[in-house]
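J.: A single structure is presented below for examination.
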Amino acid sequence: MSISADRVPQQTPSETKRRKPGLVGWVVNRLGMDDTMEDQYNRVVPFHATNYVYCLGGIAFVLFLILAATGIMLAVYYQPTPDNAYQSVLTLSTHVQFGWWIRSIHRWSAGAMVLLVFLHMLRVFFTGAFKRPRELNWLTGVALLLITMGFGFTGYLLPWDQKAYWATKVGTDIAGSIPLIGHFLLVSLRGGEQISAATLGRFYDLHVLVLPALILILLLGHFFMIRRHGISGRL
Amino acid sequence: MTRSGFLKWLLGIFGAISLAGIVYPVLRFLKPPAALSGAIGQVANVGPLSGFAAGQLTTVAVNDQPAAVQNLDGKYTVYSLICTHLGCVVETAGDAFRCPCHGSEFSPTGVATRGPAKLPLPTYHSQTQNGSLLVGPIDLSRVPYPGWYKGEFS
């Protein structure tokens, strides 16, 4: 069966002008994205922004990518049940080849990401980059900071050791101290009045499903708005 | 070869080496360790069951490591004889364990009862087959924290 000539897609003007070679070109030519891509590549970083403090957000994003990759790997061996959680982390760190390495990268990158996101926020604050018209991106950033800390809080419980248990006890108690909605928050986080198997299940769900989905959506918006607004002016 | 062509090759080679440095650990990571795969792992045959008198501890060697077989009415348990204090070889007397270095003593179930040792003696996975006792790796469910039994992953 052959495709009739009139059903072959017409070439876009830009495509007839200059066809890109190579594998990337094969895709780009078919999407008619030459101009869009060119526009993205040809952006000039303003001189005042060629400074390491303007790299903090980017470093935080690289850490996020590392955390996603190592987190997916940890989930191969981790078992989110009270009976098996601690032992599975132990086995992962002592018997799985390079398991200690993957887990250490995840652990240290997690701490570094919280730090980097916070420093990025300080840079944006002290350079006044949150001002009109960038208020919405500031708010997105605040949400991203909270999500990052949510990752830290939920991930902390997963090894299911004494430190994890009591940190979660204190953390959820603090949520419970909020007037009116406190008790609802507490039982929603714990899956009951006490920390139990339900708590571990809920925290695992938040850590590997809910928060990753949220952070991806917000990161997309964050980056889109950076491109839309451009880098803020110099001080 | 042009200079830029050479540099491209060089970049490609370094890139491939860097990539291999990531891919190799990931592939090793995905391979399940013997302790988890359900198999008993490296199995050592420590001899016929008739060699282990009931109610007694019989010293054997498991992969060149000192161990003792306990026979409690046909239930065989294999204990590591490496003291959980500082790693001396624990001596057996009847059904009891005693370390000659610092006087740590362990109950017939391997629990530390006297002396400086705090942690129980580890046990090996074991099973009987055709009248012989087969011994596998250390039973991980009794390992209290990483690095305790160093011989297992050194």
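The values are calculated or read from the model by the stated rules, or taken from the named source; none is laboratory data. The structure displayed is predicted, hence computed values, not measured ones. Reconstructed Cβ throughout: ideal geometry from the backbone, glycine too, with neighbour counts over all protein chains shown.
J.: Would you call B:His102 touching a His at 6+ places or on another chain (Cβ under 9 Å), touching a residue at least 24 places away in the same chain (Cβ under 8 Å) and not in a strand (DSSP E or B)?
T.: no
J.: Next question. Just to be sure before I move on: is B:Ala20 at negative phi, of a type in the set (A, V, I, L, M), at pLDDT 90 or above and surrounded by fewer than 16 Cβ atoms within 10 Å (Cβ to Cβ) in the structure I sent?
T.: yes
J.: Within the group A:Arg228, A:Arg234, which residue is loosely packed, with under 14 Cβ neighbours inside 10 Å, of a type in the set (Lys, Arg) and part of a loop (DSSP other than H, G, I, E, B)?
T.: After applying the criteria, what remains is A:Arg234.
J.: Counting only residues that are surrounded by 13 or more Cβ atoms within 10 Å (Cβ to Cβ), assigned to a helix (DSSP H, G or I) and aromatic (Phe, Trp, Tyr), how many does segment A:143-192 have?
T.: Qualifying residue count for the region: 4.
J.: Looking at (1) within 30 Å of A:Asp161 (Cβ to Cβ); (2) buried (at least 17 other Cβ atoms within 10 Å of the Cβ); (3) touching a residue at least 40 places away in the same chain (Cβ under 8 Å), find the lone condition where A:Ala68 falls short.
T.: (2)
J.: Still on this structure, please answer the following. Here is a list of conditions, (1) within 14 Å of another protein chain (Cβ to nearest Cβ); (2) without any contact (Cβ under 8 Å) to a residue 40 or more places away in the chain; (3) surrounded by fewer than 21 Cβ atoms within 10 Å (Cβ to Cβ), and A:Phe126 meets all of them except one; can you say which number that is?
T.: It is condition (1) that A:Phe126 fails.
J.: I'd like to check something: does segment A:174-187 contain any residue that is within 16 Å of A:Pro82 (Cβ to Cβ) and either modelled with pLDDT under 95 or touching a Ser or Thr at 6+ places or on another chain (Cβ under 6 Å) (or both)?
T.: no
J.: Looking at segment B:20-36, can you tell me whether even one residue there is away from chain A (no Cβ under 14 Å) and among the small types (Gly, Ala, Ser)?
T.: no
J.: Output the residues belonging to segment B:105-135 that are out of contact with any Asp or Glu (no Cβ under 7 Å at 6 or more places or on another chain), within 28 Å of B:Asn45 (Cβ to Cβ) and in a strand (DSSP E or B).
T.: Scanning segment B:105-135 gives B:Phe106, B:Ser126, B:Gln127, B:Thr128, B:Gln129, B:Ser132, B:Leu133, B:Leu134, B:Val135.
J.: Would you check if A:Leu92 is in contact with a Gly (Cβ under 8 Å, 6 or more places away or on another chain), buried (at least 18 other Cβ atoms within 10 Å of the Cβ) and more than 28 Å from A:Gly128 (Cβ to Cβ)?
T.: yes
J.: Where the second residue is surrounded by 15 or more Cβ atoms within 10 Å (Cβ to Cβ) and aromatic (Phe, Trp, Tyr) and the first is under 11 Å from A:Thr154 (Cβ atoms) and lies in segment A:204-222, which pairs have Cβ atoms under 8 Å and are six or more apart or on separate chains?
T.: Partner pairs satisfying both residue conditions: A:His207/A:Phe151; A:Leu211/A:Phe151.
J.: Please go through segment A:165-210 and give me each residue that is closer than 21 Å to A:Ala75 by Cβ and among the polar types (S, T, N, Q), ordered by number.
T.: A:Thr168, A:Thr199
J.: Now, a different point. For B:Ser107, are the conditions met, namely being among the hydroxyl-bearing types (Ser, Thr, Tyr) and in contact with a Leu (Cβ under 9 Å, 6 or more places away or on another chain)?
T.: No; evaluated as a whole, the condition is false for this residue.
J.: Continuing with this model, one more query. Being of a type in the set (Val, Ile, Thr), under 30 Å from A:Gly150 (Cα atoms), within 24 Å of the chain's Cα centre (by Cα) and within 12 Å of chain B (Cβ to nearest Cβ) is the requirement here; does A:Ile72 meet it?
T.: Judged against the criteria, A:Ile72 is a match.
J.: Next up: Taking segment B:83-99 as the search range and keeping residues that are in contact with a Lys or Arg (Cβ under 9 Å, 6 or more places away or on another chain) and assigned to a strand (DSSP E or B), which one is surrounded by the most Cβ atoms within 10 Å (Cβ to Cβ)?
T.: In this case the residue turns out to be B:Thr92.
J.: When you scan segment A:22-56, how many residues do you find that are surrounded by fewer than 10 Cβ atoms within 10 Å (Cβ to Cβ) and among the small types (Gly, Ala, Ser)?
T.: 1
J.: Name the residues in segment A:114-153 that are touching a His at 6+ places or on another chain (Cβ under 8 Å) and among the aromatic types (Phe, Trp, Tyr), would you?
T.: A:Phe151, the sole residue that qualifies.
J.: Every residue in segment A:92-110 that is modelled with pLDDT of 90 or more and more than 25 Å from A:Leu211 (Cα to Cα), please.
T.: A:Phe98
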